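**Student:** This is the structure I have questions about; it appears just below.
Coordinate-derived values only; no laboratory data. This one's a predicted model, so the numbers in the text were calculated from it and none came from an experiment. A quick note on method: Cβ atoms are made from the backbone with ideal geometry, for glycine too, and the neighbour counts reach across all protein chains shown.
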């Protein structure tokens, strides 16, 4: 029995020793593998070179929440690949035409280069490596595969653009200019990534360079627009609304003259400033009806200029590029001259000092001088005036102080719009005080202070209200 127990203990000890040795061996191998993973692969320190692949290396810091560094590194690797794809400008391409005109656009190069991302869906992840603080990723795509994908996408884009181009030509023939412009823009948008290519293709039995044909159509559509006003010029008065409704007619002249409907317009003061009311889109008669609410500057000659609103027309598209494809001479504009007359004022005043009339009406004179200085007109009769200014002032003696006589002025100034009868300005001053040797001199000193107040504060506020400055 003792021999059996001894044999069992010996067998158990041997097995335990074998198990411990096995565990120790596994731990050693694990430690060895962990140390190996902390060593950066060769592609991290030395960029791979290949004639058959576009290669992208991306790295991102792990000092972020979650796993966003994984996506950031991937984006950088894709961007690295895109940077290796050169944009070659083919003869008879739209971009070649822009370069010949000296108007090569960095905006377009950005579009072309960024769009290369779309053709990188077949990239493969070669390797990744995670260092103590950074995450690295190694991507690549076959140059042959990339060229194949781009050619397929270009063929699809050209097919789509041809459809829009055909619709644009048919709309032009039907006189639907805005529809033609919209389809031409959509055609360009379809091939915007390939404007560096010649895009030579067959259309209705003719061999054409599609990009250039679309650009020529757009320029022709805009160049054939004729914009005219119903009047040669407009006379108005500053600060007054204009009752006369004015309109701009837009016609398309190409063999026949047709109204241009639903054309967005840009309306602005190119000289002066003011308010213009009216929806800036042509109606079914090809007209834009508008009114001038008022002009708010004192320039005698002002100007309104109307052009097709390219921002609205190219809305949602690559408008910075498309604007540069249009010749400046192609986009029409129409200017309307405004002859602006300043408002006319009539001044009526009652000015007293201690109940006695003040000679020379100093307050009325102060207002008149300020209005003249601002180039406004004054009339001798209310009937010939736009606004009536009324001034009422009197002084009263106050209790003497420190051996000097004192006086206080009560002053009121109003302005009435003689056309509407509306009171547009009404202010009272009760805090104008002065001290002098006699009450009369003290009263006249309050007049000096009141005159400065009217010139520096009251008149500018009145003009601001009238002119909506």
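**Student:** What's the extension gain from residue 159 to residue 398 if we count 0.36 nm per residue and subtract their Cα-Cα distance? Can you show the working numbers first?
**Tutor:** On the way: separation 239, 0.36 × 239 = 86.04 nm, distance 9.35 nm.
Full extension from residue 159 to residue 398 adds 76.7 nm.
**Student:** Just to be sure I understand the model, the point goes 7 Å from the Cα along the line to the Cβ. What's the resulting residue 233 to residue 380 distance in nm?
**Tutor:** It works out to 2.9 nm between the two label points.
**Student:** At a 10 angstrom cut-off on C-beta neighbours, averaged per residue, how do the peptides 66-72, 79-85 rank from highest to lowest?
**Tutor:** On the way: 66-72: 13.1, 79-85: 16.1.
Packing order, densest peptide first, comes out as 79-85, 66-72.
**Student:** Which three lengths, in whole Å and largest first, does the range 207-254 cover when its Cα atoms are put on their principal axes?
**Tutor:** Computed over the range 207-254, the largest-to-smallest principal extents equal 59, 21, 13 Å.
**Student:** Still on this structure: Assuming 0.36 nm per residue, please report the length gained on full extension of the stretch residue 277 to residue 86 beyond their Cα-Cα distance.
**Tutor:** Values: separation 191, 0.36 × 191 = 68.76 nm, distance 5.02 nm.
Additional length available on full extension: 63.7 nm.
**Student:** Let me check the size of the range 344-467 from its C-alpha atoms; what are the radius of gyration and Dmax in Å?
**Tutor:** 15.3, 51
**Student:** Could I ask something else about it? Return one quarter of the surface area of the convex hull spanned by the alpha-carbon atoms of the range 187-307, equal to its mean projected area, in nm².
**Tutor:** Values: hull surface 41.7 nm².
If I average the Cα hull's projected area over directions, I get 10.4 nm².
**Student:** Additional query: Cα centroids of the range 368-390 and the range 226-274: how far apart, whole angstrom?
**Tutor:** Spelled out, the Cα-based centre of one part sits 33 Å from the other.
**Student:** What FRET efficiency, computed as 1/(1 + (r/R0)^6) with R0 = 30 Å and r the Cβ-Cβ distance, is obtained for residue 144 and residue 204, rounded to the nearest 0.05?
**Tutor:** Details: r = 34 Å, r/R0 = 1.14.
Taking R0 as 30 Å, the efficiency between residue 144 and residue 204 is 0.30.
**Student:** Going highest first, how would you order 443-450, 331-338, 172-179 by mean Cβ packing within 10 Å?
**Tutor:** Output ranking for 443-450, 331-338, 172-179: 443-450, 172-179, 331-338.
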